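A.B. asks: First, the structure itself, so that you have it in front of you.
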């Protein structure tokens, strides 16, 4: 019969968490699995540079800085890595998507110790992490997400310069100097209560586009639920979710003053 059908869907098995010892001891070149051109000069400035995040070099130091404060740092997110293996799994999720890329944020104004120098080739110290996620190369847009700056580097030049470098990389055309990937739209999603994230977006020239309601279901984590919204029906709280304040900077914003704004921020 023409209207007959079957549904053979089988849920995939749970993905095992990475083994930290195996990840950290790896001496193999790390495959970033990235499908787009990577212009490292465009991602560098005199004070900050971005380089692909390499777990064997960067993950343990990053987790040592953010792990003890993960509930505070991730309370405005839609998910939270509560352990080091869960954090490594997040990094692998980003790496496994060919149009996504995770970056180590390096503060070049700081001199590394002998213990730190191998992580950055002696050029600065690790200060945080950022990623390009949910990218559509076909439609020329991406999102700057998972923005994490170590507490010691917050309220400094690091966050704004790093975001500026990503904007320059994304919005410059391939034939510009320095070259970029010529995207049309860069998205920024902020929890409505995350005032620092919203302030940074506005400072970087992103335009607010509106409130997207119920964009994510939150895990059952007290700190995250407290910042979220209750899903309450018939007097019972079923779960918690979050709204998202949507921002974007687009190619025409870049051409009508955005390039100059970001250029001044990058140069300090």
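The values are calculated or read from the model by the stated rules, or taken from the named source; none is laboratory data. Note that this is a predicted model, so its numbers are computed, not measured. Glycine gets a Cβ as well: all are built from the backbone with ideal geometry, and neighbour counts include every protein chain shown.
A.B. asks: Restricting the range 101-112 to residues that are part of a loop (DSSP other than H, G, I, E, B) and touching a residue at least 40 places away in the same chain (Cβ under 8 Å), which is nearest to the chain's Cα centre (by Cα)?
C.D. replies: So the residue we want is 108.
A.B. asks: Looking only at the range 232-251, which residues are surrounded by fewer than 15 Cβ atoms within 10 Å (Cβ to Cβ) and either touching a strand residue (DSSP E or B) at 6+ places or on another chain (Cβ under 9 Å) or under 30 Å from residue 204 (Cα atoms) (or both)?
C.D. replies: 232, 237, 238, 239
A.B. asks: Same structure again: So is residue 229 over 30 Å from residue 266 (Cα atoms), surrounded by fewer than 20 Cβ atoms within 10 Å (Cβ to Cβ), touching a strand residue (DSSP E or B) at 6+ places or on another chain (Cβ under 7 Å) and free of Cβ contacts under 8 Å to residues at least 40 places away in the same chain or not?
C.D. replies: Yes; evaluated as a whole, the condition is true for this residue.
A.B. asks: Still on this structure: Suppose we filter the range 12-27 for residues that are surrounded by 16 or more Cβ atoms within 10 Å (Cβ to Cβ) and part of a loop (DSSP other than H, G, I, E, B); how many remain?
C.D. replies: The qualifying residues number 1.
A.B. asks: Just for the range 60-70: of the residues that are within 20 Å of residue 227 (Cβ to Cβ) and more than 17 Å from the chain's Cα centre (by Cα), which one is modelled with the highest pLDDT?
C.D. replies: My answer is 68.
A.B. asks: Which residue out of 77, 30, 9 is assigned to a loop (DSSP other than H, G, I, E, B), under 20 Å from the mean Cα position of the chain (by Cα), modelled with pLDDT of 90 or more and more than 22 Å from residue 125 (Cβ to Cβ)?
C.D. replies: 77
A.B. asks: Separate question: Regarding residue 123, is this residue in contact (Cβ under 8 Å) with a residue 40 or more places away in the chain, under 16 Å from residue 162 (Cα atoms), surrounded by fewer than 20 Cβ atoms within 10 Å (Cβ to Cβ) and in contact with a strand residue (DSSP E or B) (Cβ under 8 Å, 6 or more places away or on another chain)?
C.D. replies: The answer is yes for residue 123.
A.B. asks: Assuming residue 211 fulfils every condition listed in (1) surrounded by 14 or more Cβ atoms within 10 Å (Cβ to Cβ); (2) without any contact (Cβ under 8 Å) to a residue 60 or more places away in the chain; (3) within 17 Å of residue 78 (Cβ to Cβ) apart from one, which condition is it?
C.D. replies: Result: residue 211 passes all but (1).
A.B. asks: Given (1) outside any loop (DSSP other than H, G, I, E, B); (2) modelled with pLDDT of 95 or more; (3) more than 27 Å from residue 112 (Cα to Cα), identify the lone condition not met by residue 36.
C.D. replies: Evaluating residue 36 over (1) outside any loop (DSSP other than H, G, I, E, B); (2) modelled with pLDDT of 95 or more; (3) more than 27 Å from residue 112 (Cα to Cα) leaves (1) as the failure.
A.B. asks: Identify the residue in the range 128-152 that is modelled with pLDDT of 95 or more and over 16 Å from the mean Cα position of the chain (by Cα) and, among all such residues, is surrounded by the fewest Cβ atoms within 10 Å (Cβ to Cβ).
C.D. replies: Per the criteria, the residue is 138.
A.B. asks: Is there a residue being touching a strand residue (DSSP E or B) at 6+ places or on another chain (Cβ under 8 Å), crowded, with 17+ Cβ neighbours inside 10 Å and under 30 Å from residue 181 (Cα atoms) anywhere in the range 78-85?
C.D. replies: Taking every residue of the range 78-85 in turn, at least one turns out to be touching a strand residue (DSSP E or B) at 6+ places or on another chain (Cβ under 8 Å), crowded, with 17+ Cβ neighbours inside 10 Å and under 30 Å from residue 181 (Cα atoms).
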